[in-house]
Amino acid sequence: MTGAETPRDSAGPETPEPDPESDAALIGALAETESEPVRRALLSRIMDTGKRAGGTVAGRGVWPLEALTRRIIRLAPELTIDSGAALRKRYPGRTPDQIADELIARAARAAAAVGAATGAAAFLPIPYAWPVELATESVVVIGIEIKLVAELHEAYDTPVGGTSRERALAYLIAWAQQRGAVAPSDATIAAGSIAAKRLRRRIALRTGRDLVSLGPLLSGAALGAAMNHHETRRLGRRMKRDLRRRVAIAPPQ
């Protein structure tokens, strides 16, 4: 899950490069780019994948919550996360706070672009398609936010250890709880666990906000962009405050 600059798995084969057409790779590219045409092209490819995967449930209005949750749990370990070293190279001379601000702003812009595109698509004359687009938007924005959560930990030099999957689950739970990640040994999402319930609740809230963002006629694109920008920025700022507190109270090494 973390870039090659700081490998943390102590044993076993290297994590294979992600499929460049996988959801995780496309979401990662969308989160990184500042080009609107590139964002639209990437989102279109992700939406096409979502429609193929969700065609059997499109008639139900939205994807079932359990299906969304499983898809996000599968997605998280596949996301490519920049290491602390990679972030410092990208933003030379910046403090951790300044790097965090850059990451939050970038993620908020990407989430806003996704919300605008999905809000506009909701008014196209294809009524069976927009529920799947709504569900796919949720997956994309959550993927952007999980990447943000993980890279904020890297920026403050507080990454979790463990295997790629353990780290991914830890950051996914951190996203759901909107605070710093727990140790990998505690990062379980077993059925019926507190973490699983919190994760489902958070996904349900996120999808519900996406549904509201469709808004009254002709307001979907603007409202979707504004709500996604606000929610992603708020998450980032909460994570930043929590991680800064951790750094401040961490015992000397």
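The values are calculated or read from the model by the stated rules, or taken from the named source; none is laboratory data. None of these values were measured; they are calculated from a predicted model. Don't worry about glycine lacking a Cβ; one is built from the backbone with ideal geometry, like all the others, and counts go over all protein chains shown.
Couple of notes before you dig in:
- Among residues of segment 156-167 that are over 20 Å from Arg238 (Cα atoms) and without any contact (Cβ under 8 Å) to a residue 60 or more places away in the chain, those with a beta-carbon under 8 Å from a residue that is surrounded by 17 or more Cβ atoms within 10 Å (Cβ to Cβ) and aliphatic (A, V, I, L, M) at least six positions away or on a different chain give the pairs Glu166/Val160; Glu166/Ala187.
- Segment 95-110 residues that are farther than 13 Å from Leu235 by Cα, paired with ones that are of a type in the set (Phe, Trp, Tyr) and surrounded by fewer than 20 Cβ atoms within 10 Å (Cβ to Cβ) (beta carbon under 8 Å, 6 or more apart): Gln98/Tyr91; Ile99/Tyr91; Glu102/Tyr91
- All helices (runs of 4 or more DSSP H) inside segment 155-253 with 3 or more residues being modelled with pLDDT under 70 and out of contact with any Cys (no Cβ under 8 Å at 6 or more places or on another chain): 194-213, 220-249
- Test: Ile126 is farther than 15 Å from Ala24 by Cα, among the β-branched types (Val, Ile, Thr), surrounded by fewer than 24 Cβ atoms within 10 Å (Cβ to Cβ) and at pLDDT 95 or above: no
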